[in-house]
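What follows is a short report on a single structure.
A short reminder: the numbers here are calculations on the coordinates, not readings from a lab. The structure presented is a predicted model; accordingly, all values stated were derived computationally and were not measured. Ideal geometry is used to build each Cβ from the backbone, glycine not excepted, and the neighbour counts take in all protein chains shown.
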Amino acid sequence: MQGEAVPPRVPTPRRYLMCPPRYFAVDYAINPWMDPSKPVSADVAVAQWTELRDTYRRFGHTVEEIDPQPGLPDMVFAANSGTVVDGRVLGSRFRAPQRAAEAEHFRRWFLEHGYRDLTMPEKINEAEGDFAWTGRLLLAGTGFRTDPAAHAEAQEVLGVPVVSLQLIDPRYYHLDTALFVLAEATDTATAQVVYYPDAFSPGSQRVLRRMFPDAVLATAADAECFGLNGVSDGRNVVLPVEATDLGARLVERGYEPVYVDISELRKAGGGPKCCTLEIRK
Ligand code: ARG
């Protein structure tokens, strides 16, 4: 890219589904970020979440809200509850029993909001936690949560090609903690992604290099602050406030970083993307 002009980045309006963290807590540990002995505040989580929601609205995106449920402290992480492509909804099936009931609340939300083409998966499937849409295909993570058989199931249900990627670092247990799409494209080679190579097996790193030779490569420091849990609308990229190094590199590529404080939500192992389920019509 040396010497080449940075192409103009064009944002596209998005529709997101989010769940306010009114009952947020860390009562159990199902990933290495969660420590039930450390204090957490649902009020602080709600304030941080509200700022994230309002940031999306400032950019002109639509944010729908689902009612949080007592006893489901992780329900704020809406990304885990559905994958929507072309108006087709593939629901979720959680690995941890503590989160299992969330799937049904989201299933009902979709039905009540007119999404008739809805399938609940048979295999363990943590939805956009492990699935990332590039504009042409779904990148799909496995290794900690989503069953690899759920990748084949997603391909059949959604009718889009699915590329499996193997996650190997327990801190980056969902694909959306290790990779996100900066700009979608119907042509895979021109879609732009950012990822943390060491979160992936050697074979999956080779797959990523082949598919996205021009990807932004994140550092260990970018990953540790949940910088790979960003949300891009094609131009504006919402990142945790600590991810300024990554943000600076995205500026060189023509993106506009927008920083939010997600420190309370990170205590449960979540960030901006985890809170954001994208509804693609
Ligand atoms: N505590 C939640 C869990 O471990 C966090 C989920 C984060 N969501 C995500 N899309 N990465 O399941």
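Quick notes
- Verdict on Gly269 being within 28 Å of Arg58 (Cα to Cα), in contact (Cβ under 8 Å) with a residue 12 or more places away in the chain, part of a loop (DSSP other than H, G, I, E, B) and touching a Pro at 6+ places or on another chain (Cβ under 6 Å): no
- Exclusive hit being out of contact with any helix residue (DSSP H, G or I) (no Cβ under 9 Å at 6 or more places or on another chain) and not basic (Lys, Arg), set Thr219, Thr186: Thr186
- The number of residues in the range 170-196 that are touching a residue at least 12 places away in the same chain (Cβ under 8 Å) and either more than 16 Å from the ligand (Cβ to nearest atom) or in a strand (DSSP E or B) (or both) comes to 16.
- Single residue of Tyr259, Tyr255 found to be surrounded by fewer than 21 Cβ atoms within 10 Å (Cβ to Cβ), more than 16 Å from the ligand (Cβ to nearest atom) and either within 17 Å of Asn31 (Cβ to Cβ) or among the aromatic types (Phe, Trp, Tyr) (or both): Tyr259
- Contact annotation: residue pairs with Cβ atoms under 6 Å, 6 or more positions apart or on different chains, pairing a residue in the range 251-263 that is within 12 Å of Ser232 (Cβ to Cβ) with a partner that is among the basic types (Lys, Arg) and in a loop (DSSP other than H, G, I, E, B), are Gly254/Arg9; Tyr255/Arg9; Glu256/Arg235.
- Of all residues in the range 24-45, those that are surrounded by fewer than 18 Cβ atoms within 10 Å (Cβ to Cβ), part of a helix (DSSP H, G or I) and in contact (Cβ under 8 Å) with a residue 24 or more places away in the chain total 1.
- For the range 123-164, the set of residues classified as within 15 Å of the ligand (Cβ to nearest atom) and on the phi > 0 side of the Ramachandran plot consists of Ala127, Gly143, listed by residue number.
- Residues within the range 95-131 that are within 24 Å of Tyr195 (Cβ to Cβ) and buried (at least 20 other Cβ atoms within 10 Å of the Cβ), tallied: 7
- The conditions of being more than 13 Å from the ligand (Cβ to nearest atom) and either among the acidic types (Asp, Glu) or surrounded by 18 or more Cβ atoms within 10 Å (Cβ to Cβ) (or both) are met by Ala218.
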